[in-house]
Structures are given as structure tokens and as C-alpha cells.
Amino acid sequence: MSMPPLPAFPPGFLWGASASAFQTEGGADTDGKGPSGWDAFAARGRIKDGADASRGTGFHARYREDVALLAGLGADAFRFSVSWPRVVPAGSGRVNAAGLGFYDRLVDALCAHGITPAPTLYHWDTPLPLEEAGGWLNRDTAARFAEYASVVAERLADRVPMWITINEPAEVTLLGYALGEHAPGKQLLFDALPAAHHQLLAHGLAVQALRAAGAANIGIAVSHSPVRTAGTSEEDRFAAELYDTITNWMFADPILTGRYPDENFAALMPGPVADDLAVISAPLDWYGVNYYHPMLVGAPSSDALGDFAGVGMPAELPFGLRDIESEERTDFGWPVVPDGLRELLVRLNDRFGDGLPPLYITENGCSYDGLDDPRRIAFLDAHLRSLHAAIDAGVDVRGYFTWSLTDNIEWVEGASQRFGLVHVDYETLERTPKASYAWYRDAIAAQRSAPQR
Ligand code: FCB
């Protein structure tokens, strides 16, 4: 598929791809890895298409193949996640040398190809014993996370130049603890708020632990969606604002300003909140944004979709999600709204001003079936143009990690939603690059030979 070339991105812009441990590694019982809350959730039959999540994409055994695919892409960086229960099987205490050795080899393999390893320390796979003790509802989990962060940094900081503490604390809180669609499957609605605070605290404590262990260039990956108001009533505006606060600012504000966006939320959080906020807001080297699509929100009503990322929303929530008009939708049914990325980045820049560190897009991508995937190419092309427009508007964005290098286990959707540039045959685990892989490779190569801005 031939498209006009992308405009030139700033010199040094980092081109990458993303993945996570639970979604790819498989090998749940290799290396002495302990079980995670997600392993247990999957074993309870919660993966909708019945895919064998415990095999993942076989990344644990085939990581060298995927590193070669990254090298073939000409990628500058690979964002993967370290599985906490592979490194510390019980979540605290004994460190598993074999598990740590796996990431050591992966980092070496990436470095051997000149690819920057960018590990995420927590991409949702809480060690099961900690989950059973309350998971993120339990303040102790934050302290255990910091200990684990320092173990990983002590081993890898000499070769890892870019770190991510936590992936999408909002999704973990909402889907895992408030709505019960993701592990650990709790349906606490607003009583899930402590899970948000404890993840934020875990992030802050991990930043301290990483720096103490010699790691530098630390960020976090936070999901953001521009929220649009459906309707014109006062109730609609209130609902959209509340949704915006909960999903966007309840996480970004504490990290970037040291305050919760609303005193009412701060009052609902557990523990010494003011002291915790000082830890949570330690200056970051950069801030990661995961963007998929905007949200359209109004007052709860019978015509509301009742759907959050494909998940049923209980009627008693004080907002209702509506369908965004969009000619194009991914296989997931998600609307394709490339300009939402520019809109969001400009909004972050306006809200935080000088308090906003340099940004990276830590995830952006789409689910489409098939090896010939012109719709993914169109998606990526349009989103990169939108990102470029944000840079032109003055937002400091330093890199882009597409989600994902290969197809992988899309949480409860299992193998049915394919986000990869590379197809995975889940029977044989064979990898086949899609048309979008060649497109991204050529786009990266063209940037390298483009005249500098
Ligand atoms: C994000 C997750 C990532 C992947 C994409 C599609 O919310 O961080 O693991 O599932 O969605």
C-alpha cells in the first residue's frame, strides 16, 4: 500500500514497539515463575474465546525471533514488561535467579542489535499471593513493588536506559477492581478508589527505589482519552466532567502536580494522603501516554451504551457512555479518531504547562485481522500525522511505541483481537510479518534518511 511519506519527525525521535509479559511470554511454569492474578483469572475461564493464555505467544522461548523482527523493523526501542511473579514468585521475599536471568538475556539480545530496552515493571500481572492478600487494595503491595523494582534495577540498570514503572493504573482500577471484568474480578465501583491510590504510591516508591539502584530516565505509561460531552444538559456536563476526572486526571494530576483533581477524591483515599502525594509526585524524566480513542460521555440514561472498552458498565454509575460517530472502526469496534491524539496531547500541554515532562507515546495501535492489513497501515499513518501536528503545535513528544510488535493475548478477548504488526499462528506459534510491518519498517527508514526538521 503506497502512501505519501510522513512529515519528518524531530532528530532523535525514538521509533518503537510495545508488548507485555502476560500477553506474550507464556511459559507460566518455566523458570520457577510464580502465578499471577491474571494466570488465576484465566484459569477460571474468564478469557472469552477460550484461548490458552498460559502459552501467550511463546515469547519466553522465542524471544530471539522477536528481537530479530524488531531488528528487521529498524526499531530504536522495545517496550516489554518484566513479570513480577517471574522475578519474585511470591511477590515478596525470595528472588528467582532464573526469572531474572531471562530478562538479563533479553536485554543483552536487544542491546546486541542496538535496540533500546524499555521495560515496564508492572503490566497487570500481580503475584497471586499479593492479589489474594488484597492486591492494590492493600497498601503493603506498594512497598513490595518498590522492593521488586530495586531487584530488577540492580540487575539491569547498567544496560537499560529507559524505565516504565506501571502500565495504565486507571484500567487496573476500573476494569479489575471497580467493574470486575479484568483480574482480580472485583466489582467495588467507587470503593475501588484505594486501588488507584496504592498504585500511584507504588509508582512513587518505585521511582525512589529505581533511582537508588542506579536507574535513570524513568516514566510511567498512563492511558488517556479525550472526553467529549454527549448532550447539552447540566447533567451531561457533570457526567462528562466526572468521567474525565476519574479516567484522565485522577492519575495524571497526582503524578504531575502532587494533588488529586478534586478534594472529594483526595478525601476518599486511604492512608496519609498528603505525605503519599509528595512521594507520588517526584519529578519524572518523561511521561508516557497510551492512546486508543476518545470517549463520548453524558448523563446515565437508557440509551447509554453501558460499555467501557467492550465492558458492561453497571447502570448505577453516574455517567453513561455513548457511541462515537466514526466511519471507521477496528475489529474491536473501537472508533478510529486520529485527531484525538493531537487533541489530547495539546490538552496535556495546556493543563500541565512547565510541569509536563517530555512525552512518549507508549501505546497506540489497532485490532484488525489478516496478513494484508491496509486498515492498520491507514490507522498508523493517520495517528502519526496527528502526533506530528501536536509536535508542530509545541508539544514535546520524543518517541512512539506502537501496540504491538506481534499479535498477543488481548486480556479477556484472548486471541481474537489482533493488534500485531506480525501475525502469530496460535497453533504453531509461527510469526509472519503483516503488510503493516513492512510499512512501519519503511516509514522508520524514510525518517532516518529524511532532511532534519
Ligand atoms: C491497553 C493495554 C495493552 C493492550 C492494549 C490494546 O489498555 O495496556 O496491554 O491490551 O490496551
Some residue of region 230-244 being part of a helix (DSSP H, G or I) and among the hydroxyl-bearing types (S, T, Y): yes
Any residue at all in region 407-423 that is within 19 Å of P338 (Cβ to Cβ), more than 16 Å from the ligand (Cβ to nearest atom) and either in contact with an Asp or Glu (Cβ under 7 Å, 6 or more places away or on another chain) or in contact (Cβ under 8 Å) with a residue 24 or more places away in the chain (or both)? no
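Would it be correct to say that L359 is touching a strand residue (DSSP E or B) at 6+ places or on another chain (Cβ under 7 Å) and buried (at least 17 other Cβ atoms within 10 Å of the Cβ)? Talk me through it step by step, then tell me what you get.
Working: touching a strand residue (DSSP E or B) at 6+ places or on another chain (Cβ under 7 Å): yes; buried (at least 17 other Cβ atoms within 10 Å of the Cβ): yes.
So L359 passes the test.
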In the set F41, F78, which member is open to solvent by less than 10 Å² (accessible area, probe 1.4 Å), touching a Leu at 6+ places or on another chain (Cβ under 7 Å), closer than 28 Å to W136 by Cα and within 16 Å of the ligand (Cβ to nearest atom)? F78
Being modelled with pLDDT of 95 or more, under 28 Å from L100 (Cα atoms) and part of a loop (DSSP other than H, G, I, E, B) is true for just one of A195, A202, A149, A215. Which residue is that? A215
In region 147-171, which residue that is within 16 Å of the ligand (Cβ to nearest atom) and open to solvent by 10 Å² or more (accessible area, probe 1.4 Å) is nearest to the chain's Cα centre (by Cα)? E168
Can you tell me which residue in region 1-26 is surrounded by the fewest Cβ atoms within 10 Å (Cβ to Cβ), limited to those that are of a type in the set (G, A, S) and assigned to a loop (DSSP other than H, G, I, E, B)? S2
Can D49 be described as out of contact with any Phe, Trp or Tyr (no Cβ under 9 Å at 6 or more places or on another chain), acidic (D, E), closer than 21 Å to L128 by Cβ and part of a loop (DSSP other than H, G, I, E, B)? no
Checking the conditions here, which among D52, D29, D108 is out of contact with any helix residue (DSSP H, G or I) (no Cβ under 6 Å at 6 or more places or on another chain) and either open to solvent by less than 10 Å² (accessible area, probe 1.4 Å) or at pLDDT 95 or above (or both)? D108
Is it true that L384 is open to solvent by less than 10 Å² (accessible area, probe 1.4 Å), touching a residue at least 60 places away in the same chain (Cβ under 8 Å), touching a Pro at 6+ places or on another chain (Cβ under 9 Å) and more than 16 Å from the ligand (Cβ to nearest atom)? yes
Residues located in region 273-325, provided they are within 16 Å of the ligand (Cβ to nearest atom), at pLDDT 95 or above and open to solvent by less than 30 Å² (accessible area, probe 1.4 Å): Y287, G288, V289, N290, Y291, H293, P294, M295
Subset of region 112-146, residues away from the ligand (no atom under 16 Å from the Cβ), touching a strand residue (DSSP E or B) at 6+ places or on another chain (Cβ under 8 Å) and not in a helix (DSSP H, G or I), comes to I115, T116, P117, P127
For region 172-186: of the residues being in contact (Cβ under 8 Å) with a residue 60 or more places away in the chain and assigned to a loop (DSSP other than H, G, I, E, B), which is most open to solvent (accessible area, probe 1.4 Å)? E181
Every residue in region 218-229 that is within 16 Å of the ligand (Cβ to nearest atom) and not in a loop (DSSP other than H, G, I, E, B), please. G219, I220, A221, V222, S223
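The values are calculated or read from the model by the stated rules, or taken from the named source; none is laboratory data. Computed from a prediction, not measured in an experiment: that's the story for all the values here. Here the Cβ is made from the backbone with ideal geometry for all residues, glycine too, and neighbour counts use every protein chain on show. Areas reflect the complete protein model, heavy atoms only, side chains present, ligands, DNA and RNA absent. Shrake-Rupley method; radii C 1.70, N 1.55, O 1.52, S 1.80 Å.
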